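Everything on this sheet refers to the single structure shown next.
The values are calculated or read from the model by the stated rules, or taken from the named source; none is laboratory data. Note that the coordinates shown come from a computational prediction; the quantities given were computed from them, not determined experimentally. FYI the Cβ positions are ideal-geometry reconstructions off the backbone, even for glycines, and counts take in every protein chain you see. Surface areas here come from the heavy atoms of the whole protein model, side chains and all, with no ligands, DNA or RNA. Shrake-Rupley method; radii C 1.70, N 1.55, O 1.52, S 1.80 Å.
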Amino acid sequence: MSDLVSSSASDAIMNYVNSEDELAFQVNGPWGSGKTHYVVNTIIPELQEQSRVPVYFSLNGLKDIEVVKKSVNRKVLLNFVKDKGDKYNLTGKLDNILDLASGADLGNSIANTIMNSVIFPIKEKVQDSLLEKVDFANFVLIIDDLERIAEPLQTKEVFGYIATLQEQWKCKIIIISNEEKSYDSADIALIKEKVINKSLEFNEDVFGIAENIIDYSLEKISIDQDIKDWEVAMAHKMLAMVTSKEINLRTVKSIMSSYSEFNSYVLKQRELTNDKRKQIAKTGFLSIFVLTDCFKRGYTEKSKGILDVFDVTRMRLPAKHNTQKESNVESISERILRVFHGNLPEFDENIVYTRQILNLVVHDSFDFKEFYNEIQNILFPQVPEQKQRLDKLEDFRALSAVELSRAQLDMKEHVNLKQDNFKYLLRVFRVMQYLKTNSLLLVDWNIEEIYIELLSRLSKMDEAEVGLNEWTFLRTSGDPADEKENSLRKAYKSRQEKLNENDDINMLELILNGNWYDKNKDKSFFKKRSLFKMLIDENVIDNVFSKVGHNDAIRGLESYVHDEIVSISNAKDFHAHELEYAEQFLENMKVQESLVRDKVQRFNYKELENEISQAIDCLA
């Protein structure tokens, strides 16, 4: 952040705080521009230096004005309790504090603490000034995420409450918002002048803020200074590769939070040499940076997610596929190759995409031993004999006929159809099939038995195995004109589709039972099949919704549609195929509405119709 921009924004806000202005001050700007970071890390310390009492509060997800009031009151009250001496002249203000406590809806344990530590000790002092008003003039309420309120709460209700606070408390109020993203932005434009006097359009130097976040975070992490300097330099170079619109400060904070956690695991590994520790620090930092960026952009929620384009236990580059693009949307591998790979040699030399780093980024879980096992063959290679044999065969062009014959015989003697893993057997089969096709199979070996074993394993693969082997079949290895290669690909695809179909059927059952939410959070459903078509095919309206006592089914579908479509800003990227069938299902619901006779069930039925209508708007 430039000093000029920082000074200008700070001056505007602090001038308001120290003015006689009785209305609120607005800090408005796009998501990820650093508004909240700037106010929390720059303005709040300045307020505290002036002995002001900043009270930060987020409206994110709130949908009831009464909840907003109670939450604000709780925040303010806890600031009183935090410094319970005479600093805020609590003596003589019991009436107002009790009113505030009532509005805060505190739990018993907190309420008892307040009563015992604050209220009762001053009880004897309050008799002469019971009606004196609490002085909030020193308070600065910072209300964030105005645009993130949830329906049915409306912005005008929030503004009405802010106006009441202004009139009753006479405190300063700073509103942080992104007006463009508010669902009732037209209302804001009409009524905000009655509540807000001045606005600051926040167009921050996001590069500068992102660099500051990284520099500050690394200063707090215990690593050698030379590695710290390297990571700072690399992070700045990587930030310079992207446009300002692609930088989201929340993502940068998440990167540094995950790296700090990662480093805490590394510090516990006392047996690591200094060289290995430094290499692990570099690799961890870069992979967390890239995979967090991918995750925050939603790629892990798409059918072609991170696990689909990386062989995450071995790859240093995303896979390049010769498959036809399904849309004009840039894929994860295309983005990473475009932005990062091939631009910085130090990046390409040190990056490794691992499952454990992905788990850390997505699920906040990490196993260092597994992580080390994933990277050691790449960064600290010890080539096993099995791989040496296979590498030798794949590099047959460098061998003589005698050497190739010996290599084939050695492989034949050591291949174990029942114990060798699937990927290894597939590679052996592919290279031997290629040699056979080109009249270079020089030993007596019936490789058909490997092919039969591969088909057998494919037919029995579970979901985890299918996921692990997807990249194996997406890549271009193997002759696409070879009949057996195509048979293997078809067998894999058939198994994959069968498992996906079973997943969708099971999820539909969970939705109609009303308990889908806590199941399989790390998986995607209805990627190719339409949920609404399945509902139509099952005649759910007649067979389920119209039956008395099936409120769980209606409410389960309503919550799924809301959480997985309506509440997802880019739902169209994942669920566009649902639109046609959602419209048909909604029409069927309206036609068959009379079948639902129970009044409460009909009420839920109407709410479901409304939710599906909103989903259609999102997908249109």
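Annotations for the structure displayed:
- Flag if A150 is in a loop (DSSP other than H, G, I, E, B) and modelled with pLDDT of 85 or more: yes
- Any hit, the range 520-542, residues being under 30 Å from A615 (Cα atoms), more than 37 Å from the chain's Cα centre (by Cα) and at pLDDT below 85: yes
- Residue match in the range 457-467 (condition: among the acidic types (D, E) and touching a residue at least 40 places away in the same chain (Cβ under 8 Å)): yes
- Hits in the range 160-186 (condition: aromatic (F, W, Y) and under 21 Å from P54 (Cβ atoms)): Y161, W169
- Of the helices (runs of 4 or more DSSP H) contained entirely in the range 218-325, those carrying at least 1 residues that are among the small types (G, A, S) and either closer than 19 Å to D367 by Cα or modelled with pLDDT under 65 (or both) fall at 249-267, 274-296.
- Taken over the range 564-585, residues that are open to solvent by 50 Å² or more (accessible area, probe 1.4 Å) and part of a helix (DSSP H, G or I) amount to 9.
- Within the range 59-72, restricting attention to residues that are in contact (Cβ under 8 Å) with a residue 60 or more places away in the chain and more than 17 Å from E151 (Cβ to Cβ), the residue that is most open to solvent (accessible area, probe 1.4 Å) is K69.
- Qualifying position, being part of a loop (DSSP other than H, G, I, E, B) and open to solvent by 80 Å² or more (accessible area, probe 1.4 Å), among D444, D420: D444
- Any chance E132 is open to solvent by 60 Å² or more (accessible area, probe 1.4 Å), in a loop (DSSP other than H, G, I, E, B), more than 23 Å from S199 (Cα to Cα) and at pLDDT below 70: yes
- Enumeration of residues in the range 239-261 that are farther than 17 Å from S33 by Cβ and out of contact with any Ser or Thr (no Cβ under 9 Å at 6 or more places or on another chain): A240, M241, E261
- Scanning the range 589-603 for residues that are open to solvent by 50 Å² or more (accessible area, probe 1.4 Å) and in a helix (DSSP H, G or I) yields a count of 8.
- Answer residue from the range 25-56, given it is at pLDDT below 85 and over 16 Å from E147 (Cα atoms) and is surrounded by the most Cβ atoms within 10 Å (Cβ to Cβ) among those: Y38
- Scanning the range 447-464 for residues that are surrounded by fewer than 16 Cβ atoms within 10 Å (Cβ to Cβ) and not hydrophobic (A, V, I, L, M, F, W, C) returns E448, E449, S456, S459, K460, D462, E463.
- All of V544, V548, V561 fail the test of being over 21 Å from L499 (Cβ atoms) and surrounded by 20 or more Cβ atoms within 10 Å (Cβ to Cβ), apart from V561.
- Among residues of the range 265-290 that are closer than 22 Å to V339 by Cβ, those with a Cβ under 7 angstrom from a residue that is aromatic (F, W, Y) and open to solvent by 20 Å² or more (accessible area, probe 1.4 Å), sequence gap 6+ or separate chain, pair up as K282/W230.
- Checked against (1) part of a helix (DSSP H, G or I); (2) surrounded by 14 or more Cβ atoms within 10 Å (Cβ to Cβ); (3) in contact with a Lys or Arg (Cβ under 9 Å, 6 or more places away or on another chain), V352 meets all criteria but (1).
- Among the residues of the range 447-467, just one is part of a loop (DSSP other than H, G, I, E, B) and over 30 Å from R355 (Cβ atoms), namely I447.
- Residue match in the range 89-112 (condition: of a type outside the set (A, V, I, L, M, F, W, C), under 30 Å from Y183 (Cα atoms), modelled with pLDDT under 85 and in contact with a Phe, Trp or Tyr (Cβ under 6 Å, 6 or more places away or on another chain)): no
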